[in-house]
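Written out below as structure tokens is the structure these notes cover.
The values are calculated or read from the model by the stated rules, or taken from the named source; none is laboratory data. Not measured: the values here are computed from a predicted model. Quick reminder, even Gly has a Cβ in these numbers, built from the backbone with ideal geometry, and neighbours come from all protein chains shown. We work out accessible area using only protein heavy atoms, side chains counted, and drop any ligands, DNA or RNA first. Shrake-Rupley method; radii C 1.70, N 1.55, O 1.52, S 1.80 Å.
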Amino acid sequence: MNKTNLTRMDLNLLVILDTIFSERNLTMAGKKLFMTQSAVSHALSKLRQHFDDRLFIRRGNIMEPTPLCKTIHRNISPCLKAIIQSLADRGEFEPASSKRTFCLGLSDYLCRLLLPGILLILEQEAPDISIRILQTTYEQRTEMLQNGKLDIFVGCTRDYGAGVLKEKLFEDREVCVVRDGHPIKGRVMEEEEMADSEFVALSLSESGLGFLEDYLYRKGVQRKIKVVLQQETVIPSLVEHSDLVGSVAQRLAEIYADKKRLRIVRMPLENTVFDVFQHWHTLNDNDPAQRWMRTVIRKVAETLPPLGI
């Protein structure tokens with residue numbers, strides 16, 4: 001690797017490296033940068049010469065980063081984002097004039113609960129700010145916060161490491177939804193009914209296990225999972241015309257029970273309440289823009305009604 005000298009290195013090359021890393025494709029990176037593919041390839045050659053490393057290895061149409069490239073990107077990506085945002089805000093953050101884009105990690109369930117209120121506040125206080133919603137697995141979140149791909153994510157907390165901070169927003173509860181006329185008649189299913197039923201379940205983990213499966217595993221309870229998906233708002237439509245039992249958050253179940261021919265049924269378990277947090281990286285703890293966005297999210301969460309019994 002050549003000894004770094006900022007007066008000799010074109011820092012725009014780092015922007016190109018960051019874009020190739022994100023897109024994993026030279027043509028797509030060129031479109032995003034308004035450059036030809038040959039120009040991007042030429043820039044990559046300069047980067048390879050500077051770092052004395054291939055940086056990206058082509059596998060079909062995908063550019064896979066080398067270990068050194070991953071290390072470089074992990075260190076420079078948050079800095080590049082901070083520089084770009086600072087230039088856009090002219091060194092200061094004023095919601096009313098800012099043109100920032102915030103990347104928020106929200107599931108479809110949380111979009112249903114929180115996004116309308118967030119957009120209302122933006123319309124009133126920050127009309128030029130944009131929101132980009134990403135749905136991530138548990139395993140992706142820490143890295144995406146660290147490298148600046150996510151500003152904030154909202155969801156159940158796990159051990160995301162010392163660099164991830166959190167704030168509790170509200171509580172919810174895992175319940176089930178069934179169609180009207182379902183063989184399960186009571187407000188609380190029996191243990192035998194739970195054992196005999198086929199479930200539609202949510203998982204945002206690469207392991208396929210979600211909050212409820214972790215909880216049931218600790219309790220020594222097993223159930224038959226017919227369908228596992230990442231879109232919780234799809235579950236009511238799957239159970240509406242079948243004998244499947246859908247596992248959903250109570251706040252979401254109440255919305256669909258009002259609009260569809262569905263009933264809410266409790267599981268024969270002592271407690272399925274879970275906490276929902278907003279999470280952010282310690283690197284952004286004192287960033288004025290992110291502090292403002294966290295306040296917006298908190299205000300919207302505070303408007304949610306108390307969790308019903």
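Some points to look at:
- Residue count, the range 13-39 (criterion: farther than 27 Å from Leu134 by Cα and of a type in the set (Val, Ile, Thr)): 1
- Residue match in the range 172-187 (condition: over 23 Å from Asp285 (Cα atoms), aliphatic (A, V, I, L, M) and open to solvent by 40 Å² or more (accessible area, probe 1.4 Å)): no
- Hits in the range 260-301 - residues which are of a type in the set (D, E, K, R), in contact with a Leu (Cβ under 8 Å, 6 or more places away or on another chain) and assigned to a helix (DSSP H, G or I): Arg298
- Test: residue in the range 55-69 that is open to solvent by 20 Å² or more (accessible area, probe 1.4 Å), at pLDDT 90 or above, in a helix (DSSP H, G or I) and charged (D, E, K, R): no
- Residue pairs meeting the criteria (Cβ under 8 Å; at least 6 apart or on separate chains; first under 22 Å from Val234 (Cβ atoms) and open to solvent by less than 90 Å² (accessible area, probe 1.4 Å), in the range 112-141; second among the basic types (Lys, Arg) and part of a helix (DSSP H, G or I)): Leu113/Arg251
- No other residue among Leu150, Leu80, Leu145 is over 20 Å from the mean Cα position of the chain (by Cα) and under 30 Å from Asp53 (Cα atoms) apart from Leu80.
- Identity of the residue in the range 239-276, more than 22 Å from the chain's Cα centre (by Cα), basic (Lys, Arg) and modelled with pLDDT of 90 or more, that ends up nearest to Val154 (Cα to Cα): Arg266
- Exclusive hit being more than 20 Å from Lys149 (Cβ to Cβ) and free of Cβ contacts under 8 Å to residues at least 60 places away in the same chain, set Phe21, Phe51, Phe56: Phe51
- Note on the range 106-128: residues that are more than 14 Å from Ala301 (Cβ to Cβ), modelled with pLDDT of 95 or more and within 22 Å of the chain's Cα centre (by Cα) total 2.
- Restricting the range 1-30 to residues that are open to solvent by 60 Å² or more (accessible area, probe 1.4 Å), of a type in the set (A, V, I, L, M, F, W, C) and farther than 15 Å from Cys69 by Cα, the residue that is modelled with the highest pLDDT: Met28
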